[in-house]
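The values are calculated or read from the model by the stated rules, or taken from the named source; none is laboratory data. As the structure is a prediction and not an experimental result, all values here were calculated from the model. Cβ placement follows ideal geometry from the backbone for every residue including glycine, while neighbour counts extend to all protein chains displayed.
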Amino acid sequence: MSRSGENGHAPGVPDVGRPAFDEMVDDERTDPREELAKTDHDTDLGLAMAEDAKRVSRGELSAEEYWERYDELAEREFGDAYRETPNPSIESPDQTIDAETAGSLGCSVGSMDSVACDLQDRDAADAAGESSGDATDGDERWGMVIDLQKCVGCDSCTVACKAENRTPPGVSYNVVMEEEHGEFPNVTRTNVPRPCMQCENPPCVQVCPVSATYKMDNGVVNIDYDRCIGCRYCMIACPYGARYFDFGENYDDEVEEAGEITSPEYGVDRGTREDGESPIGNVRKCSFCTHRLERGEEPACVETCVGDARNMGDLDDPDSEVSEMADSSRAFQLKESEGTDPNVYYLE
Amino acid sequence: MATEHSRFEFDPGFLDNRLRVAWYAVLGVLLLIGGYATWLRLTQGMQSTNLTSTTPWGAWVAFYIYFVGLSAGAFLVSTLANVFGIERLHRIDRDALFAAIISMVVALLFVWTDLGRMDRMFYPFVWRQLTSPLAWEVHAYVAYILVLITELYFSMRYDLARVAEHGSGLRARLSGLLTLGRRTTTEASRATDRTWLKRAGILGIPLAIFLVHGGTGVLFAVSKARPYWNSGLFPVIFIVSAVLSGTALVMLLYVLRTRLFDGESVDRDLLERLSMLLAVFIIVDVALTAIEALIAVASLHPHELETWSIILFGEMSWSFWWFMVGFGWVFPLVMVSKRSWRRTPWLMVVAGLSVVIGIVAVRFNIVVPPQILPVMEGLPHGSYFPSAVEWATSAGMIAVGLLLYTIGAELLPLTPLDRGDH
C-alpha cells in the first residue's frame, strides 16, 4: 500500500525532475562577473577566490592552502580594510585553519568574537562615561502614550503581553476596557487599553507592609517576588485594578509544558514555574516589560500594536516623542483626581 | 464537709462531666473538619478559595477584623473594672482579658491563613513600610497582646500564688509556674499588683482603641480606590462595633461560666449593667452607621451609591437585613428593652449570642461589597461567597480559640477566689 505514485513521487506533485529545479536556480542566480564588475576591486581575484572557496567546502582544497594562496593577494587588493577585518577562520571557537597558517596571515585583528566583545565594551564605557542623548542611557523615566483614536480594540496587546510575560490564567497585565455609549443607531465605542500606570505616586507602594513593591529610578513600579507575602493589600489600594493575584493556575490543559518557560520579569530569571514557588502566591502586574527595556526593546504590547497606537519613551527627555505627545492638548491620564500621576498617558 | 482548707478548694471547669465530654467532642469534630480543610488550603494554595483578582479579600479577612474587634471590645470592658474601678465588674475582669488574648490569637491565625505565602508570615518584622497601616498594625498587635498578658498576670497573680500554696495536682503546679516566682500572698504584694495592673491598663486603652482597632479601621479607610471605606467616620464605627461585640461576648461568657463552671447564681445587677451597656453601644453603632450611609448617599458618588445598593438590595442583602440589622441590632434591642428580661440570664445569653453573630455579618458587609463593583468601568464585576474550604478552615480556627479558652477556664482562676468583692 505505497502512498507514492507510479513514478516514485508523492501523489499530486507534478514530476518536473531534479534537473528542471537546478535550471530554475541557475536562471535566478546573478552572474558573478556582472555583479563583481560593479565594485572598484579586482573582478578576476574575486571570481578565483569564490571558485576556490567552493572547492574548500567540497573538500578538494584545504583551508590552509586557500589562505596561503590568497592572503598576500587580498592584502594587496584591499589594504587596511583587509588587515582590520577579523577573519572568521581564526581564533573563533571553531577555528578552521591550523595555528601556524593563522599566525602568518596579514589580517592581524583578532577573531570575530573578540572584535564583537570590544565593540560592546566600548558601548558600555560610552554609556557609563557621559549621559549621551542615547535611547537607553539608563536615566530614563519610562512612559507610555496610548492614542485612543488609533486603537481599534483588537486586543493584540493583551495577547502579546500574555505571550511575552507567560502569565497564568486569571492574570492579565494588560486588558482592553471596552465601553459602549448611546443607543442605536447613535452609538460610540471606546477601547481603553489598561496596562499598569506606573504611577509617580503609587498607592500600592504606600500600603505594602514589607516594601516588596517599590518605585524604581526608571519610573517602573517593581514587585520583589522574593519578599511579597501575598497579603493583597496593594490590590485593594490600586485605583486601576492593574494588580493580579497568582493563584497558581496553569495552562497545562491547553498547552503541553506550559510552565517550562517563564519570563525574566524585572530582569530575574526564575526558571520553570513550580508549585509553591514565587510568583505563585504573590501579586503580579505589568512591568512595562522591564526585561525588554533593559535590552533596548519596546514592551511587547507597544511592538505588536497593529495601529501603532502605543508609544514608549523617556518622559524626562523633553524632546522625546512620548513627551511631546504627553504635553499635547489631547493628552489625559486615567483618574487624574486620585493624585496618582500615572506615567501612562492617553490621547483622546 | 467544711474542712479547714475548704476556702482554698479550687476546682474550676465544668461541673457536669457529661457536658464536658459533649463540649470537647463538638470541638474535636470541628477541629478535625478544620484540620482537613487546612490541609486542603496548604496543598492547593489559594485556589481552594473563591477569591479572585477582582475580590481579593474575603471570609478570612472578615473573620480577622471580627476577632480583632472582639478582642478590643472585651479588653475595654475589662478596663471598666481595673482602670475605672467599677466595683461589680471586677468579677469579669480576668475573663474579659483572657477572652481578649484568645481572640487576638484567633485573629492572627486568620490573617496568617489568608497570606498567599504563609511561609513568609514573619517578613513584616524584617522589612517595613512607614506609610503602610498594615505594617504598623502587625506591631501594634504584638504590643497589645503583650499588654494583655501583662494585665492578666497582675490581675491573677495573687490567686495563682494562693492556688499554688494551698492546692494540689496539675492546677497547683501550673499556677506556681505562672506566678513567675512571685508567690507572696501579702496585702502589700496585692497592692503592687493592682498598681501595675492599672498602669498596664492605662497603656492598653489607647493601644486598643487607636492602634489596634482604630488602626484596623484605618487600614481600610486609607484605601482611596474604594470610596465606601474611604471615610473618616469609618474607623470610629469600627471601634464602636468592636466594643459592642466585646460587651456581648463578655456578658455571654459571664452567664455561661457562672452557671456551668462555678455553679453559682448570676448576679442580676451585674447582668443588668452589662445589658444596659450593650443597649447603649447598639444605639451608637446604629446611629453612626446611619450617618455614614447618609453622607455616602448624599455625595451621589456613583461608586458609593452602587456599593450601598449592593448592600441593601444586592444578592447578599439578606446578610445585611437578617444578620446585621436583625441579629446585631433589632433582636438584642428588643431583648434588653424590659427590666425583667434584662435580669433573666438565659435571655441575655441569647441576646449576647445574637450580637456576636450579627457583628460577623457587619464585618462581612465591610469587607466584601466594595470589592464587587470594579474599580473602573470596563473591568469585570466581582462575585463572592466563601468556598467550603474557607468556611471549614474558619470553623476550625474558631474551634482552636474555643478550645484554648475552655482549657484556660478549666485550669486558671479566672473567677476571683474571693468572688471579686474587694
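Pull up region A:266-303, narrow it to residues that are within 14 Å of chain B (Cβ to nearest Cβ) and among the β-branched types (Val, Ile, Thr), then point me to the one that is nearest to A:Ile229 (Cα to Cα).
Initial filter on region A:266-303 (within 14 Å of chain B (Cβ to nearest Cβ)): A:273-286.
Now restrict to residues that are among the β-branched types (Val, Ile, Thr): A:280, A:283.
Values: A:Ile280: 11, A:Val283: 9 Å.
It comes out as A:Val283.
Please state which one of B:Val368, B:Val362, B:Val356 is farther than 20 Å from B:Ser223 by Cβ and under 23 Å from the mean Cα position of the chain (by Cα).
Exactly one residue qualifies, and that residue is B:Val356.
So B:Leu146 ticks every box in (1) more than 12 Å from every other protein chain (Cβ to nearest Cβ); (2) modelled with pLDDT of 95 or more; (3) more than 23 Å from the chain's Cα centre (by Cα) but one. Which box is left unticked?
Tallying (1) more than 12 Å from every other protein chain (Cβ to nearest Cβ); (2) modelled with pLDDT of 95 or more; (3) more than 23 Å from the chain's Cα centre (by Cα), B:Leu146 fails exactly one: (3).
Going through region B:365-421 one residue at a time, which ones are away from chain A (no Cβ under 14 Å) and of a type in the set (S, T, N, Q)? Break it down into steps so the answer makes sense when it comes.
Quick first cut of region B:365-421, residues away from chain A (no Cβ under 14 Å) only: B:365, B:383, B:385-386, B:388, B:391-421.
B:Asn365, B:Ser383, B:Thr393, B:Ser394, B:Thr406, B:Thr415 - these are the residues of region B:365-421 that are away from chain A (no Cβ under 14 Å) and of a type in the set (S, T, N, Q).
Of B:Ala191, B:Ala208, which residue is more than 21 Å from the chain's Cα centre (by Cα), assigned to a helix (DSSP H, G or I) and either within 14 Å of chain A (Cβ to nearest Cβ) or within 30 Å of B:Leu417 (Cα to Cα) (or both)?
Working: B:Ala208 fails: more than 21 Å from the chain's Cα centre (by Cα).
After ruling out the rest, the residue left standing is B:Ala191.
Out of A:Thr167, A:Thr188, report the one residue that is among the β-branched types (Val, Ile, Thr), part of a loop (DSSP other than H, G, I, E, B) and touching a strand residue (DSSP E or B) at 6+ places or on another chain (Cβ under 9 Å).
Numbers: A:Thr188 fails: part of a loop (DSSP other than H, G, I, E, B).
Residue meeting the stated conditions: A:Thr167.
Can you tell me which residue in region B:123-170 is nearest to A:Tyr233 (Cα to Cα), limited to those that are part of a loop (DSSP other than H, G, I, E, B) and β-branched (Val, Ile, Thr)? Even if it seems obvious, please write down each step before you answer.
Here is the first cut: in region B:123-170, the ones part of a loop (DSSP other than H, G, I, E, B) are B:126-132, B:167-168.
Still in the running and β-branched (Val, Ile, Thr): B:126, B:131.
Numbers: B:Val126: 18, B:Thr131: 13 Å.
Checked region B:123-170; the qualifying residue nearest to A:Tyr233 (Cα to Cα) is B:Thr131.
Tell me, please, whether a residue that is among the polar types (S, T, N, Q), touching a residue at least 24 places away in the same chain (Cβ under 8 Å) and touching a Pro at 6+ places or on another chain (Cβ under 6 Å) can be found in region B:357-366.
Restricting attention to region B:357-366, the residues satisfying the condition of being among the polar types (S, T, N, Q) are B:365.
Next cut, touching a residue at least 24 places away in the same chain (Cβ under 8 Å) only: B:365.
Restricting the remaining residues to those that are touching a Pro at 6+ places or on another chain (Cβ under 6 Å) gives none.
The answer is no, given that none of the residues of region B:357-366 is among the polar types (S, T, N, Q), touching a residue at least 24 places away in the same chain (Cβ under 8 Å) and touching a Pro at 6+ places or on another chain (Cβ under 6 Å).
So which residues in region A:136-164 are of a type outside the set (A, V, I, L, M, F, W, C) and part of a loop (DSSP other than H, G, I, E, B)? If you could, list the steps in order and put the result at the bottom.
Residues of region A:136-164 of a type outside the set (A, V, I, L, M, F, W, C): A:136-141, A:143, A:147, A:149-150, A:153, A:155-156, A:158, A:162, A:164.
Within region A:136-164, A:Thr136, A:Asp137, A:Gly138, A:Asp139, A:Glu140, A:Arg141, A:Gln149, A:Lys150, A:Gly153, A:Asp155 meet the criteria.
All but one of (1) surrounded by 19 or more Cβ atoms within 10 Å (Cβ to Cβ); (2) closer than 15 Å to B:Val389 by Cα hold for B:Asp93; which doesn't?
Every condition holds for B:Asp93 apart from (2).
Regarding B:Leu80, is this residue buried (at least 20 other Cβ atoms within 10 Å of the Cβ) and over 23 Å from the mean Cα position of the chain (by Cα)? Even if it seems obvious, please write down each step before you answer.
Numbers: buried (at least 20 other Cβ atoms within 10 Å of the Cβ): yes; over 23 Å from the mean Cα position of the chain (by Cα): no.
So B:Leu80 does not fit the description; no.
Tell me yes or no: at least one residue of region B:11-32 is within 14 Å of another protein chain (Cβ to nearest Cβ), surrounded by 15 or more Cβ atoms within 10 Å (Cβ to Cβ) and in a helix (DSSP H, G or I).
Within region B:11-32, none of the residues are within 14 Å of another protein chain (Cβ to nearest Cβ), surrounded by 15 or more Cβ atoms within 10 Å (Cβ to Cβ) and in a helix (DSSP H, G or I).
Given B:Val240, B:Val138, which one is within 30 Å of B:Trp329 (Cα to Cα), buried (at least 19 other Cβ atoms within 10 Å of the Cβ) and either of a type outside the set (Phe, Trp, Tyr) or modelled with pLDDT of 90 or more (or both)? Explain how you work it out, then say what you get.
Values: B:Val138 fails: within 30 Å of B:Trp329 (Cα to Cα).
Unique residue meeting the criteria: B:Val240.
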